[in-house]
Every structure is written in structure tokens, then in C-alpha cells.
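Let me begin by presenting the structure, written as C-alpha cells, before commenting on it.
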Amino acid sequence: MSERSSFPMSTVAFLTLGCKVNQYDTQVMREQFLANGYTEVPFDEAADIYLINTCTVTGTGDKKSMNAIRRCRRMNPQCEIIVAGCLAQRDPAAVQGIPGVRLILGTQHRGEVVSLLEQAIKEERALIAVEAKISRVYENDHVHVNEGHTRAVLKIQEGCTQYCTYCIIPSVRGPVRSRPLSEISEECRHLAEHGYQEIVLTGIHLSSYGRDFGNGTTLMDAIRTVHETEGIERIRLGSLEPRIITENVVRRLEEMPKVCLQFHLALQSGSDPILKAMNRHYTSEEFLHACELLRTAFPYCAITTDVMTGFPGETEERFLETVETCRRAGFSRMHVFPYSERAGTKAAVMEGSVPVSVRQQRAKRLIAVGEELKRLAENRMIGQKETVLIERRENGFYIGYTGTYFRCIIKTDEGEGNLEGHLVPVCITGGDGETLMATITGKW
């Protein structure tokens, strides 16, 4: 391959798979390319360079990642491909031989993505930038903009040391590293100056924030730092460990009215023997107590969750215990998925494997329960006062999300001006199982 005459004239396309942490990491790399003169194009168009930020948390994530990588060559047979993220970290050999793959970038060195790619092209070789030992220092990445106009993802934490028996993430994301409060404050101020009113705090294990500092700093301090930023009107929290919800934490949350009343607590299973086998460190009753603490303080809060079906040892009786726990928790939304073996985890070699067909069938049954609970949660919202952050106008309606993260549509009136990007007070008037309807109740 001949050396490119001018790298900055190249076009680049991005695809993010997986979690909000990956969304943030992709934005870090996007800004690196744009700052170096590259032009972004949509991922489904021909581009000189494709960057796929991969997910490996499940077998489905692996499959989607591999399919996306191979798809790039069909869009442009001469393209250069960057494979980044968790799959690249876990198994670089799996993607190394795919035609067009020029750079394999693990879960570090995102700020060097452009120089690494240009080095690989210049040297006419595939470059693997995957460190076997992940640093214990938080990489000082920053973003200046986010996709959309109202909500920005802010990553404040990396790594996990919980070692759930089904999870490969500790081995691909490394130990807990927390972002200093001063850096959180700086990025928040910058995002507020660019018009973002809602900040979504995210991390690989958000509840572990501050543990590596050794000075008593906790997630509550990070939330308070964002809360004090002028211009930020909402703070949405990523997935939380149920054990973090204590009376003291709830009391501190009550003192911060900008915190959205949507709390994502990952249940994973509602059966105590399965929770123990998963190494989850709480019982179903302790999980339900956390839900009770939140609802006592915030009666109309939304509690959302992740639940896995078909973990080794899950009998029909234990599955029904999970169903009952979910009903008692009264979740507003549930992300349900069948268990997927991950090589290198303890669960992958456990006895009592559940047939894949049974895992999938139980997932369908639990999804149906989740839809029922979602409709009940919507019905509880009817007649309630809420605020909606308007994201766009479409077919005579404004569309946005409530603080409890229900999608909401509001009929627009002539002469009221453009409400996009505004927080507006509304009264919920109905719902159709997918979206709430509302009317504006006051000035904004």
C-alpha cells in the first residue's frame, strides 16, 4: 500500500455498540479525528476509515461487533478499519485477520487513536494497541460536544472489581479508576456553556466512584459537583449497585433536586440462590428494601433494571421467584436478556447449564411481565405534574423525556415559540404503552 499523501482529507465513520461508556469513548475518538482535519460521514456511507467501538458483554454483542466489522469492506473495499473497545481488548486475535483491519485499539489509548492509525498506515501493517495489563490510572479524556442538543453523557469512572461470575468486563476494563472532581467540574461547565441541560453520569461500575482515592470521596460527591454547575438542570444517573441505596444516600439525594427520579438498579435475578451463584452480594429482600427506601422518599420515582434468564442452576421454581421479585419491585422498565456464556468467567464452567431454548423462552415470558409493569407505571403517571426536556418537534408535536425517563409527546400550539431545548412543566394526560401524552401547564 502506498503512503497517503494527505491524511486530513480522509473521511471517517463511527459506530458505537454497547453501553453509554462506549458512547462517551467514541466521542473522545471522534473529536480526535475532527481536530486533525478528518471529515465525518454517516456509518452507512462509503468512508475511507471506519471505527467500530465494540461490545463483548454477551455473545450477541460479539456477533454484532463482528458483523459490523465485516460490513465495512462491503461499503468500501479500500477502507481502513479501526476495531476498538471491549471485544478488541478481550480477543484481538479474533479480529486481526479480517481484511481491512488496520488498528486494533483496546480500552486504553483512545486519545492516541489518530497517531496510531497514521503510524500503522505509514508502516503498511496492522497495529495492535492492546495492553495486557490495564493501567490503574484514569485516562484524562475529555469531550466538548455530545450527539443531540439537550443531553450529554459524562464518564466519571472506569473499571470494576465486583467479579460477578458471569461477567468478563473486569478483565477488559481493569481496576476501578475515578475521575477527579476538579475534572468533572471543568467538563460540566464546558458542556453547560454549549447548551446541555441534562448530564448523564456513567461509568463501568458507577457506584465504585471514589474508592480508589482512599479519602472518603463517594459518588454522592461527584453528583454534588455536577449539581453545583450553573446551567445544568438535570442529572441522570447510570446503573447503580443496589447496595449503594442507604438511608444516608437517599437523604443526600433529597437535597439535590436536579437529580432525575429515575434509578436504574441492576437486579440480574430475583432468586437468592442464583444471586449467590452470580456473586451479587445482596438478597432479593435487600434489593426490594432499596426500592422501598427510594419510593418512600420519591413516591413517583421510576425504578428500572436489568434481569438475566437461564443462569446455570436456574430451575423453573427459581425463575418464578425472579418473576415474583420483579412484580414486587414494580419496575417501570426492564431490560431482559438470556444468559450467555463468556469464556474465562466462573459461570461458564458451572454445573446446571440451562438449555438455550429454555433461556430464550423464559426471557420472552419475563419481557411480557416487564411490558405489563411498564403499563402500570405509565398509568400511575396520569394526572401527575412533570417536567419534559424537549428534544425535537415532529408532525405537530414536541417530543422529549420526563425526569423519570418516559418518552412524552406534547401537542404544539401556534404562536408559543420554539420549545426545543427547553424544560417545560406538563401534566400527564394519558399513555399508549410506549409514550406518554401531556399538556403544558405553565411558563418555561
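Computed quantities for the displayed model
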read-out	value
Answer residue from region 336-348, given it is over 15 Å from Arg365 (Cβ atoms) and not β-branched (Val, Ile, Thr) and is surrounded by the most Cβ atoms within 10 Å (Cβ to Cβ) among those	Arg342
From Arg70, Arg102, Arg90, residue being of a type in the set (Lys, Arg) and under 20 Å from Lys122 (Cα atoms)	Arg102
Any hit, region 316-328, residues being surrounded by fewer than 16 Cβ atoms within 10 Å (Cβ to Cβ), at positive phi and either outside the structural domain of Thr435 (by TED's automatic domain parsing) or touching a residue at least 40 places away in the same chain (Cβ under 8 Å) (or both)	no
Hits in region 115-157 - residues which are among the acidic types (Asp, Glu), under 28 Å from Arg236 (Cβ atoms) and touching a helix residue (DSSP H, G or I) at 6+ places or on another chain (Cβ under 6 Å)	Asp141
Asn215 being part of a helix (DSSP H, G or I), without any contact (Cβ under 8 Å) to a residue 12 or more places away in the chain and surrounded by fewer than 21 Cβ atoms within 10 Å (Cβ to Cβ)	no
Qualifying positions in region 349-392 - over 27 Å from Pro299 (Cβ atoms) and at pLDDT below 95	Arg392
Elements of type strands (runs of 3 or more DSSP E) contained in region 64-140, each with 3 or more residues being within 19 Å of Leu15 (Cβ to Cβ)	80-85, 101-105
Test for Gly61: is it crowded, with 17+ Cβ neighbours inside 10 Å, in a loop (DSSP other than H, G, I, E, B), among the small types (Gly, Ala, Ser) and touching a residue at least 40 places away in the same chain (Cβ under 8 Å)	no
Flag for Glu247 being of a type in the set (Asp, Glu), touching a helix residue (DSSP H, G or I) at 6+ places or on another chain (Cβ under 8 Å) and modelled with pLDDT of 95 or more	yes
Region 176-211 - residue that is at pLDDT below 95 and in a loop (DSSP other than H, G, I, E, B) and, of those, surrounded by the most Cβ atoms within 10 Å (Cβ to Cβ)	Tyr196
Total residues in region 241-265, condition under 25 Å from Met381 (Cβ atoms), buried (at least 18 other Cβ atoms within 10 Å of the Cβ) and not β-branched (Val, Ile, Thr)	9
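The values are calculated or read from the model by the stated rules, or taken from the named source; none is laboratory data. Quick caveat: nothing in here was measured; it's all calculated off a predicted structure. Glycine gets a Cβ as well: all are built from the backbone with ideal geometry, and neighbour counts include every protein chain shown.
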